[in-house]
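The values are calculated or read from the model by the stated rules, or taken from the named source; none is laboratory data. The structure displayed is predicted, hence computed values, not measured ones. We place every Cβ from the backbone using ideal geometry, glycine too, and count neighbours over all the protein chains shown.
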Amino acid sequence: MSEYNAQLQTAAQLITLAAKNNFLKKAILSRHTEGDATKTTLTVRVIGGRPCLQAESLHTDNKAKHKNLELGNTDALLSLLATAGQINILTTLGQSEYRTGKSGKVTLLGGDALLRKLNGAAPAAPTVQALFNNREKQYILNGNEPFLIKLEVSDKNGRVHDKKRAKFRQINRFLELVRDVEDKLPATGTLRICDLCCGKSYLSFAVYHYFAIIKGRDVHMTGVDLKPDVIEFCSSTAKDLGFDGLEFLCGDVGKYHTDDHVHLIISLHACDIATDLVLSRALAFSADVILSTPCCHHAMSPALACPELDFIAKHSILRQKLCDAATDALRLKILEAHGYTTAALELIDPEETPKNVLLRGVRKKNPDPASMQAARTEAERIRAFLLGDASPWWSDVNTYQKGNES
């Protein structure tokens, strides 16, 4: 920072201190010496849950450009301030003006007085409410839920850890999708829910919390996974939280059986054909609603036997995208063949994870046998077109036959 004069450094300090303590109204930069900006206004904005300084620059072509500076990034702020010959800092505690004269002399009017006020401000001093870029997202969970703290998504004060923000958004988005189909589930009585290939069970705990705590429903929920250490951890966590209706079982999802009628089946990122095992179980249980997010679509790729699509398949990255889409579309078609209304939905921003497609199936109350048969015929036609007769995978749509108990 030695390349910047002391007065400019103090101006940056005033802006940062005022912004951090909600005293900054705005800082106006004018008489720019670089570029074609005529004026730049700095205000505090909350973007992605974090406060920052947003610089809005007006240019000679009457266009406005925006740049966001991380609050506390002194180097970036000084670099911007150095382009201005005049800086007016307006706060709720007073003002200061930085000015560069024609001779190159710099002055900072009111800087010392404002700095003293900022450092000694009383708790009742007037503040400025930070503006939000777009309306603040209203989540179902706020971060202070005990299960989120237990799973180390949040700290003991309920603040979501920076590295867990994507997971927090994913959990909330999944609950939004659950809420969307809530009217397809029984309105009274015990809700029977299964999380198959549950893993660390973020969704198991979230869905249980949603129905049992937020909605006050009686819930019997089972999470199933092959990993003994994971199941032990989840069982212990459920016990510590007092989630008496949530149990975890160690075992093969493909062999899991229950005599109960299952209302909701969920699954997050069951790898490759594990998703098919989940869907097979869901159909075997005649689940009312299925919410499944597939992951790692490998099975179709080596079995793809469609010369008409070689122009896509010869490129490995496009071949994988083709297999991803074709696999999930075929899965949905098979659900339709069993009387389900289906949809492919976006779970979360693809920039956060490429595995962001959620398959939704809602069982029709009175499915039309003719429509089911048509979907079954279509599924077999698609399978034959893509895979030919050589593939052992999905050799018959009866892979998903209702009642196919392993």
Which of the strands (runs of 3 or more DSSP E) contained wholly in region 210-305 include at least 2 residues that are of a type in the set (A, V, I, L, M), touching a residue at least 40 places away in the same chain (Cβ under 8 Å) and closer than 21 Å to residue 360 by Cβ?
264-271, 289-295
Hey, any hits in region 124-141 for a residue that's closer than 25 Å to residue 269 by Cα, in a helix (DSSP H, G or I) and at pLDDT below 95?
no
For residue 195, indicate whether it is out of contact with any Pro (no Cβ under 6 Å at 6 or more places or on another chain) and farther than 27 Å from residue 138 by Cα.
no
Identity of the residue in region 351-406, modelled with pLDDT under 55 and within 30 Å of residue 168 (Cα to Cα), that ends up nearest to the chain's Cα centre (by Cα):
352
Condition met for residue 90 (among the aliphatic types (A, V, I, L, M), part of a strand (DSSP E or B) and under 22 Å from residue 45 (Cα atoms)):
yes
Being loosely packed, with under 15 Cβ neighbours inside 10 Å and part of a helix (DSSP H, G or I) is the filter here; which residues of region 306-318 pass it?
307, 308, 310, 311, 312, 316, 317, 318
Subset of region 46-60 (residues that are in a strand (DSSP E or B), in contact with a Lys or Arg (Cβ under 9 Å, 6 or more places away or on another chain) and under 30 Å from residue 166 (Cβ atoms))
51, 52, 53, 54, 55, 56
Any residue in region 110-127 that's more than 15 Å from residue 7 (Cα to Cα) and outside the structural domain of residue 24 (by TED's automatic domain parsing): show its pairings with residues that are surrounded by 14 or more Cβ atoms within 10 Å (Cβ to Cβ) and of a type in the set (Phe, Trp, Tyr) at Cβ separation under 9 Å, as long as the two are six or more apart or on different chains.
none
Would a scan of region 61-73 turn up a residue that is outside the structural domain of residue 169 (by TED's automatic domain parsing), small (Gly, Ala, Ser), crowded, with 16+ Cβ neighbours inside 10 Å and in a strand (DSSP E or B)?
no
Against the definition (more than 16 Å from residue 291 (Cβ to Cβ), in the same structural domain as residue 291 (by TED's automatic domain parsing), buried (at least 20 other Cβ atoms within 10 Å of the Cβ) and not β-branched (Val, Ile, Thr)), how does residue 246 come out, yes or no?
yes
Single unsatisfied condition, residue 154 versus (1) at pLDDT 90 or above; (2) in contact with a helix residue (DSSP H, G or I) (Cβ under 7 Å, 6 or more places away or on another chain); (3) not assigned by TED's automatic domain parsing to the domain that holds residue 241:
(3)
Would you check if residue 109 is at pLDDT 90 or above, within 16 Å of residue 28 (Cα to Cα) and not small (Gly, Ala, Ser)?
yes
Among the residues of region 221-231 satisfying the criterion of being within 27 Å of the chain's Cα centre (by Cα) and surrounded by fewer than 16 Cβ atoms within 10 Å (Cβ to Cβ), which is farthest from residue 152 (Cα to Cα)?
226
What's the number of the only condition in (1) touching a residue at least 40 places away in the same chain (Cβ under 8 Å); (2) within 18 Å of the chain's Cα centre (by Cα); (3) buried (at least 16 other Cβ atoms within 10 Å of the Cβ) that residue 191 fails to meet?
(2)
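Per-residue answers, yes or no, for (1) small (Gly, Ala, Ser); (2) under 23 Å from residue 95 (Cβ atoms); (3) touching a Leu at 6+ places or on another chain (Cβ under 9 Å):
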residue	(1), (2), (3)
26	no, yes, yes
30	yes, yes, no
33	no, yes, no
37	yes, yes, yes
42	no, yes, yes
46	no, no, yes
49	yes, no, no
59	no, no, no
73	no, no, yes
Across region 231-279, what is the total count of residues that are closer than 17 Å to residue 359 by Cβ and not acidic (Asp, Glu)?
16
